[in-house]
1. Given Cα pairs under 8 Å that are at least 6 residues apart, what percent is the relative contact order of the stretch 327-401?
2. By a straight-distance test (C-alpha under 16 Å), which aspartates and glutamates pair with Lys315 as possible cross-link partners, with residues fewer than eight away in the same chain excluded?
3. Which part of the stretch 284-323 falls in the paramagnetic zone of Glu211, meaning amide N under 16 Å from the point 7 Å along Cα-to-beta-carbon?
4. Aspartates and glutamates near Lys119 by alpha-carbon distance under 18 Å, same-chain residues fewer than 8 away left out - which ones?
5. Out of Gly193, Gly204, Gly177, any idea which swings most in a Gaussian network model of the chain, alpha carbons joined below 10 Å?
6. Residues with amide H under 5 Å of Cys380's amide H, sequence separation 5 or more or different chain, H placed in the peptide plane at 1.01 Å from N; which?
7. If amide hydrogens are placed 1.01 Å from N in the peptide plane, which non-local residues have theirs closer than 5 Å to the one on Leu291?
8. Output wanted: per-residue J couplings in Hz (rounded whole) for the stretch 290-296, from phi through Karplus 6.51 cos²θ - 1.76 cosθ + 1.60, θ = phi - 60°, x for Gly and Pro.
Amino acid sequence: MALLPVADARHSILSAVSILPEETVPLVDAHLRVSATPLSARRTQPPFATTAMDGYAVRHADLALDAELEVVGEAPAGHRYEHALLAGQAVRIFTGAPMPEGSDTILIQEDANVRENDKIRPLDIPKVSAFVRPAGLDFMQGSVLIEAGSTLRAADLALLASMNYAQVPVIRKPRIGVLATGDELAMPGTHIGVDQIVASNNFGVAARITELGGQAVDLGIAKDTEEDLLQALKIAEANQCDAIITLGGASVGTHDLVQQAFHSAGLSLSFWKIAMRPGKPLMFGTVGGMLFLGFPGNPVSSMVCGELFMAPLIKKWLGQPSDTPLRHATLASKLPTNDQREDYLRAIVKPTQGSGQLPMVQSLNRQDSSMLANFAKANCLIRRAPFAPEADQGTIVDILMLRPD
């Protein structure tokens, strides 16, 4: 039976989901959430002409090096001078305060010679409108400043506050249960039997869900029994998970029970096994009203499957572009002929010194799917098409970044 191509597997998964409903959260809780609608300013910023410096609000027409202006009042931030400025008058003003009516320029305090009897004389003549921030300099009421589908970073929260948002409409986070499976697994820091290993990829997959804007639900470790697996499934259902991801138990061994156990709970399997390395035993379907992704147990396999299938899934749920963005790079060393599976090689890409040149990418020497240290060292994956011929040093290849630049 032919293995399913990677592109077809991704299409099958993404076709099963649509954008999740929106919810409203307090601004303080909107960090790294995804905006559900375009967000427009609810007020003009600044709402009035204001000074950018401490000094004196004046009429530019009154300024001359031999002129003497009368200081008739002051305007600290948050308190405007209530009268119109007349010819020959000045108002002591502080950064952020509204410009008095009739004034058009700021004479900064360093350029003002303070005289007796509330008089000042200019030491320099500024340009008209110097140090004045006009109303709407930043933005105008009604201007759309944040598009739908935007991940709200720290600067966006500051902007939203300035736009007068106390509550923000965001896309509901997808809830994804993460279940490690296998008698051989023990949690970090617990008693580890002589024939056991420490569970690891459940932490990596859960962290990646969080990074992508989802909510990971820890389902722990299920032993190699149907009872344990079905109990974890019930916990995922009780937590109203949108999807459940199992790690391990996806192959064909006697103790790989995930598919068998979930079939007894009504699993509808869309596909099993894909033409990819690492990650061939990938499963996808629905069970208990949730999407089901069965990742291989090898840590690197599950993390690569997370990038190729889980990441686009979460992005589509959140209304963001769900394609897998590939870049070009130049091989630093030769790669052998590939077989029938689409291959994703752990690699390190480094920028070149020359302007306009493609970065150089070096495949790591060992590609065993159990080697997390190599995966953590890598910052990209080299994608090789099925049956790709031998590639010499200098060949241009596709890469998928694992970390931001």
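None of the figures in this text is laboratory data; all of them are computed from the coordinates on show. Everything numeric in this text was worked out from a predicted model, so none of it was measured. Reconstructed Cβ throughout: ideal geometry from the backbone, glycine too, with neighbour counts over all protein chains shown.
1. Working: 163 pairs, mean separation 36.8, N = 75.
Averaging sequence separation for qualifying contacts and normalising by length gives 49 percent for the stretch 327-401.
2. Glu22, Glu147, Glu211, Asp242, Glu307, Asp323
3. It comes to 299-315, nothing else.
4. Output for Lys119: Asp54, Asp62, Asp66, Glu68, Glu70, Glu74, Glu110, Asp111.
5. Checking each option, the largest mean-square fluctuation is seen for Gly193.
6. Ala347, Val349, Leu402
7. Those lying under 5 Å, H to H, from Leu291 are Ala243, Ile244.
8. 10, 6, 10, 10, x, 8, x
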